[in-house]
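Heads up, the thing below is written out as structure tokens.
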Amino acid sequence: MDLRNIRKEFGGWRGARSWTALTDVDLSVETGEIVGILGPSGCGKSTLLNIVAGLETQYDGEFTIQGKTIEQQIEAGFRVAYVFQEARLLPWRTVRGNIEFALKASKFPQNESRVRVDRILELVELSKFAHFYPQQLSGGMQQRVSIARAFAIEPDILLMDEPFSALDEMTAQHLRESLLKIWSAFRTTIVFVSHNALEASFLADRVMIMSHGPAGTIRQEISLAGVRRPRSYDDLDLIEKSRAVVSALRKHSGRSDPVHA
Ligand SMILES: Nc1ncnc2c1ncn2[C@@H]1O[C@H](COP(=O)(O)OP(=O)(O)O)[C@@H](O)[C@H]1O
Ligand SMILES: [Mg+2]
């Protein structure tokens, strides 16, 4: 997918002041690639994901996926999955029921459903909890279900907006490992937003550093292609890269901007 010269303004109607959330955003993501986006609050990360999801349709610039617009792609069967900070499960449905519901919404034939759900639950180590309701699960397990639900529809692209930010670090580490394990089975294209340099480095092939200056834009790209997979938190190459991500964030975080000082 290719984003070219994306600019997004909010407001501005009936004389109200407009706000430029994004400007000059260029980003290409290869099929099967994992790209992380980091940057301070309000620099336009979620807005960018919403554009890629096809949820935000009012913007300037060009966004194409293999030469077609997202609307054309979705019309032709392209599937987008979105994972948020909260699991957003249906409380009145079981774990299995939640995933089946997503499959139905994505028009998967119902006779395939059971096998598909079994496979994905096994991959996320939730087979024993298929009949549990969300409120019977911990926050980490609920998020695990939300990730399972996202992969179950075999998305062409998976978007994740700070998916592990609400979890304690140990739970988050385990979930990131699970995520990469599923990814290696499906090789789904993933674009995610994070606030955590180590998390972004652990998951991504490339990390994009955004900042507002004053409108949100991509300032720097850091490649993690050299860090071997499967990833390990103890890998010195990973730790070194994650330090580079931290200093890039610091450099671009707008601390010199009096508004955010
Ligand atoms: N629907 C909206 N209407 C007006 N302004 C918005 C809207 N959504 C986001 N913004 C503004 O756009 C900027 C970027 O927001 P967002 O993409 O949510 O940032 P981030 O996810 O990086 O924290 C912020 O200044 C935010 O207040
Ligand atoms: Mg956001």
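Name the single residue that is farthest from Asp237 (Cα to Cα) among those in region 198-222 being touching a helix residue (DSSP H, G or I) at 6+ places or on another chain (Cβ under 6 Å) and open to solvent by 10 Å² or more (accessible area, probe 1.4 Å). Only one residue tops the list, namely Arg219. Residues that are farther than 24 Å from Ser247 by Cβ, within 13 Å of ligand 2 (Cβ to nearest atom), free of Cβ contacts under 8 Å to residues at least 40 places away in the same chain and within 17 Å of the chain's Cα centre (by Cα) are absent from region 28-36.
With respect to the conditions (1) free of Cβ contacts under 8 Å to residues at least 12 places away in the same chain; (2) open to solvent by 30 Å² or more (accessible area, probe 1.4 Å), Gln135 falls short on a single one, namely (1). Here region 174-192 is the region considered, the condition is being of a type in the set (Ser, Thr, Tyr) and outside any helix (DSSP H, G or I), and the residue that is farthest from Ile65 (Cα to Cα) is Thr188.
All of (1) crowded, with 22+ Cβ neighbours inside 10 Å; (2) under 22 Å from Ile74 (Cα atoms); (3) within 16 Å of ligand 1 (Cβ to nearest atom) hold for Leu158 with one exception: (3).
Condition check ((1) touching a residue at least 24 places away in the same chain (Cβ under 8 Å); (2) outside the structural domain of Val25 (by TED's automatic domain parsing); (3) farther than 19 Å from Asp156 by Cβ) across all residues:
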position	(1), (2), (3)
Phe63	yes, no, no
Gln73	yes, no, no
Asn111	no, yes, yes
Arg116	yes, yes, no
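Counting only residues that are within 16 Å of ligand 2 (Cβ to nearest atom) and out of contact with any Leu (no Cβ under 6 Å at 6 or more places or on another chain), region 120-163 holds 3 of them.
The values are calculated or read from the model by the stated rules, or taken from the named source; none is laboratory data. Because the structure is a prediction, the values reported are computed rather than measured. All Cβ positions, even for glycine, are placed from backbone atoms using ideal geometry, and neighbour counts span all protein chains on display. SASA here: full protein model, heavy atoms, side chains in, ligands and nucleic acids out. Shrake-Rupley method; radii C 1.70, N 1.55, O 1.52, S 1.80 Å.
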